[in-house]
Amino acid sequence: MSSNLPEGDAPLYKMWVNGLEVVAQDDTTIDVLNPAFQTTIAKVPHASTADVGKAVDAAAKAFRGWRHWPAKERAEAMLKIADCIEAEAEALATLLATETGNALRTAARPEAAGAVGIFRYYAGVASEAKGETVPLSAGKLSYTVREPLGVVAAIIPWNSPVAAAAVKIASAIAVGNTIVVKAAEDAPLSALKLSAICNRFLPPGVVNCITGYGKETGAHLTAHPEVRKISFTGSTETGKAIMRAAAEKIIPVSLELGGKSPSIVFPSADSDWAVDGVMAAMRFTRQSQSCTAGSRLFVHREIYDAFLDKLATRLNRLVVGDPLEESTDMGALINDRQYTKVNDYVRCGLAEPSARLLSGGESPRQGNLSEGYFALPTLISGVHNSWRVAREEIFGPVLVAIPWSDESEVLEMANDTHYGLAAYIWTTQLGEAMRCSSAIDAGWIQVNSGTAPGAGISFGGMKESGFGREFSLEGMLESFTQRKSITLDFSNT
Ligand code: ADP
């Protein structure tokens with residue numbers, strides 16, 4: 001809710017614009033909730049068009065100097081940022097867990113640690129923005145240089161705000177761009193803290209971070225004439241709006257959108273390691289609020305019952321509760337909208353006559369867990385690939401299991417989706433692994449591995465999961481530089 005300052009006891013976290021902490025010009029704010037307890041924990045500014053303008057102006061001004069910094073010096077500043085994130089990782093992780101509901105031990109700490117690695121990685125490759133030389137004749141050559149794009153608008157989601165902000169900031173500034181991050185309204189605090197750390201080591205205006213709602217602040221930012229690139233992570237629906245905004249100005253955009261990724265289990269993988277892998281791929285410990293969640297589980301009929309039994313036993317053991325407790329495996333969903341949506345999908349799936357609930361189910365209506373937006377790790381068996389729970393992105397811990405008998409049949413089902421972000425294959429047979437990896441239309445295929453995106457591996461989607469790659473050297477070059485060819489005839493000079 002927007003309100004006028006001052007109000008209540010919740011602390012006000014300020015935005016970062018031009019190296020300074022600022023409030024909104026009209027002093028309006030947005031409440032930030034702790035989803036595990038449904039309490040207001042902070043307020044952040046509700047940035048207006050004028051505030052967006054100031055942030056973009058600061059970034060545009062800073063670009064004039066930052067683009068000419070030697071890559072080595074940019075890298076040195078980024079390494080200092082990494083060291084500082086590392087020193088403050090526990091505070092960052094606690095803030096992240098408190099605002100997102102993600103469990104500290106299983107999700108928030110690894111995410112904060114990941115941000116350290118991301119800054120170190122991009123510092124290491126900052127000097128790699130190299131071009132090519134074409135020798136045309138004795139006195140003539142053509143060469144290319146990679147130049148930064150200018151002011152980057154980064155629109156980030158609430159599910160992994162530190163990782164998303166870190167990747168976009170580090171890969172954009174490493175090659176000389178400046179950036180305005182629009183933090184997600186549901187989880188802006190850790191992105192603001194990350195920006196505070198960046199601003200300790202960077203010239204004013206290189207990293208700016210503003211807060212506000214997507215359709216207002218976010219839309220003002222993407223429409224701003226000085227923004228030369230939009231890097232967006234979020235829903236497919238919002239991705240379409242972002243692409244329209246980019247089309248108005250003919251600027252490049254990278255879109256990392258939704259998914260409904262298949263996780264395919266072959267008979268040779270009827271083992272505990274594959275059960276662990278399927279759980280990791282489904283990102284249960286982040287309440288499956290992940291675009292790469294392996295949320296359609298295709299299990300071969302030969303091992304279907306045995307595998308699902310093992311999986312259900314493991315899911316029933318997951319501890320759901322207070323994100324800050326060390327014993328907690330799974331925290332809370334982000335907000336009331338997600339909570340209602342996830343429970344609606346559970347009901348919708350179980351309404352089908354052949355559906356069987358093997359673990360979890362609807363959220364508890366009584367006890368401690370009813371005080372926050374908690375959902376249970378849910379496994380529904382006997383699902384058909386055409387059902388809504390198998391086609392739509394739930395963004396919650398609802399895994400649907402679909403039996404299969406024939407490899408070509410399962411590959412057809414795996415590809416029968418408008419998404420194409422990730423896929424997981426569980427088998428000890430090389431041929432099965434290689435055939436599936438080649439046949440599935442997804443940006444990232446993992447065989448016997450269910451890890452989250454990490455620095456160095458190009459990450460991005462196919463189909464309606466988006467386009468453009470980030471997270472890697474190649475992603476940085478593709479998404480945050482532009483090439484200029486210079487043809488030089490020195491034969492008469
Ligand atoms: P969700 O609905 O779960 O918040 P979104 O994809 O809509 O997922 O949000 C991801 C990010 O995009 C958030 O920071 C949000 O504020 C922002 N956003 C939403 N709509 C727009 C828009 N029209 N223009 C720019 N940013 C937007």
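Read the figures in this text as sums done on the coordinates, not as results from a lab. In this text, all values refer to a predicted model and were calculated from it rather than measured experimentally. As a convention, Cβ positions derive from the backbone with ideal geometry for all residues, glycine included, and neighbour counts pool all protein chains shown.
Need one word for the range 128-281: rounded, prolate or oblate. Basis is the Cα gyration tensor (sqrt eigenvalues a ≥ b ≥ c); a/c below 1.5 gives rounded, then a/b vs b/c decides.
It comes out oblate by the Cα gyration axes.
Tell me which lysines have Cα within less than 25 Å of Lys310's Cα, excluding those fewer than 8 residues away on the same chain?
Lys260
Tell me the net charge near Gly294. Cut-off is 12 Å between Cβ atoms, Gly294 excluded, with +1 for each Lys or Arg and -1 for each Asp or Glu. Working shown, then result.
Numbers: positive: Lys260, Arg283, Arg296; negative: none.
Once positives and negatives cancel, what remains is +3.
For the range 191-234, count the residues as N, evaluate 2.2 N^0.38 Å, and divide the Cα radius of gyration by that value, please.
On the way: Rg = 11.8 Å, N = 44, 2.2 N^0.38 = 9.3 Å.
For the range 191-234, the normalised Cα radius of gyration is 1.28.
Among bridges DSSP assigns within the range 262-453, what percent are antiparallel (round to 5)?
Working: 3 of 23 bridges.
Counting only bridges with both partners in the range 262-453, antiparallel ones make up about 15 percent.
Restricting to DSSP H runs of at least four residues, report the calculated mean residue ellipticity at 222 nm for the chain, -39500 (n - 2.57) per run over all residues, nearest 500 deg cm²/dmol. Numbers along the way, then the final one.
Numbers: 15 runs with 180 residues, N = 493.
Calculated at 222 nm, the ellipticity per residue is -11500 deg cm²/dmol.
For Gln482 and Asp9 in the same chain, what is the full-extension length gain: residue separation times 0.36 nm, less their Cα-Cα distance, in nm?
My answer for the length gained is 165.6 nm.
Kindly work out what percent of the DSSP beta bridges joining two residues of the chain are antiparallel, to the nearest 5.
Numbers: 34 of 74 bridges.
Bridges in the chain are about 45 percent antiparallel.
In a shell of Cβ-Cβ distance under 12 Å around Asp51, excluding Asp51 itself, what net charge do Lys and Arg (+1) and Asp and Glu (-1) give?
Working: positive: Lys14, Lys54, Lys182; negative: Asp26, Asp27, Asp57, Glu216.
Here the count lands on -1.
Quick test of the membrane-span-like rule: which DSSP H helices of the chain reach at least 15 Å along their long axis (C-alpha atoms) with mean Kyte hydropathy at least -1.0?
For the chain, where a helix must reach 15 Å along its axis and average at least -1.0, the hits are 49-66, 71-87, 89-100, 109-125, 161-174, 189-201, 236-249, 304-317.
For the range 324-384 and the range 422-493, what is the separation of their C-alpha centers, rounded to whole Å?
33 Å
How far apart, in nm, are two points set 7 Å out from the Cα along the Cα-to-Cβ line at Ala351 and at Asn316?
It works out to 2.8 nm between the two label points.
What distance in nm separates the simple spin-label points at Glu325 and Glu128, each placed 7 Å from Cα in the Cβ direction?
4.3 nm
Select from the range 454-493 those chymotrypsin sites (Phe, Trp or Tyr not before Pro) which occupy a DSSP coil region and have at most 11 other Cβ atoms within 10 Å, ordered by residue number. Provide the component values of the computation, followed by the final result.
On the way: sites: Phe459, Phe467, Phe471, Phe480, Phe490; in loops: Phe471, Phe490.
The qualifying sites are Phe490.
Compute the Cα gyration tensor for the range 54-102, then decide on rounded, prolate or oblate, letting a ≥ b ≥ c be the square roots of its eigenvalues: rounded whenever a/c is under 1.5, prolate when a/b is larger than b/c in the other cases, and oblate in all that remain. Provide the component values of the computation, followed by the final result.
Working: a/c = 4.76, a/b = 1.64, b/c = 2.90.
It comes out oblate by the Cα gyration axes.
Classify the range 1-115 from the C-alpha gyration tensor, please: rounded if a/c falls under 1.5, else prolate or oblate depending on whether a/b exceeds b/c. If you can, show how the numbers build up before the last one.
Values: a/c = 3.06, a/b = 1.15, b/c = 2.67.
It is oblate, given that a/c is not under 1.5 and a/b is not larger than b/c.
Taking amide H positions as placed in the peptide plane 1.01 Å from N, state which residues far from Ser472 in sequence (5 or more) or on other chains have amide H under 5 Å from it.
When sequence neighbours closer than 5 places are left aside, the close amide H contacts are Gly456, Phe459.
Give the long-range amide H neighbours of Thr28: residues separated by 5 or more places, or on another chain, with amide H under 5 Å away, using H modelled in the peptide plane at 1.01 Å from N.
Correct list: His46.
Working from the pairwise distances between different alpha carbons, so that the mean of 1/r is found and then inverted, what is the chain's Kirkwood radius in Å? Please report the intermediate quantities before stating the final value.
On the way: mean 1/r = 0.0428 Å⁻¹.
Averaging 1/r across every pair of different Cα atoms and inverting gives 23.4 Å.
Where in the chain is the longest stretch that carries no trypsin sites (Lys or Arg not before Pro) classed as loop by DSSP and with at most 11 other Cβ atoms within 10 Å? Each step should come with its number before you reach the end.
Values: sites that count: Lys130, Arg365.
In the chain, the maximal stretch lacking such sites is 131-364.
Rounded to the nearest 0.05, what FRET efficiency do Gln366 and Asp309 have when you use their Cβ-Cβ distance and R0 = 25 Å?
Numbers: r = 28 Å, r/R0 = 1.12.
Once rounded, the FRET efficiency stands at 0.35.
Expressed in nm to one decimal, what extension gain is obtained for the pair Asp26 and Gln38 from 0.36 nm per residue of sequence separation less their Cα-Cα distance? Present the calculation step by step, with values, prior to reporting the outcome.
Details: separation 12, 0.36 × 12 = 4.32 nm, distance 2.70 nm.
Result for the pair: 1.6 nm of gain on full extension.
Search the structure for amide H atoms under 5 Å from the amide H of Thr39, placed 1.01 Å from N in the peptide plane, and list their residues when 5 or more places away or on another chain.
Here the answer is Asn34, since their amide H atoms fall under 5 Å of that of Thr39.
For the range 287-302, take each phi angle, set θ = phi - 60°, evaluate the Karplus expression 6.51 cos²θ - 1.76 cosθ + 1.60, and give the result in whole Hz per residue in order, putting x for glycine and proline.
6, 6, 8, 9, 5, 8, 4, x, 9, 10, 9, 9, 10, 4, 4, 4
Give me the lysines in straight-line cross-link reach of Lys182: C-alpha distance below 24 Å, same-chain residues under 8 apart excluded.
Answer for Lys182, where 24 Å is the Cα cut-off: Lys14, Lys43, Lys54, Lys61, Lys80, Lys168, Lys193, Lys215, Lys229, Lys240, Lys249, listed by chain and number.
HN-Hα J couplings of the range 135-151 from phi, Karplus 6.51/-1.76/1.60, θ = phi - 60°, integer Hz, Gly and Pro as x?
Working through the residues one at a time gives x, 8, 6, 3, x, 8, 9, 10, 9, 10, 10, 9, 10, x, 8, x, 7 Hz.
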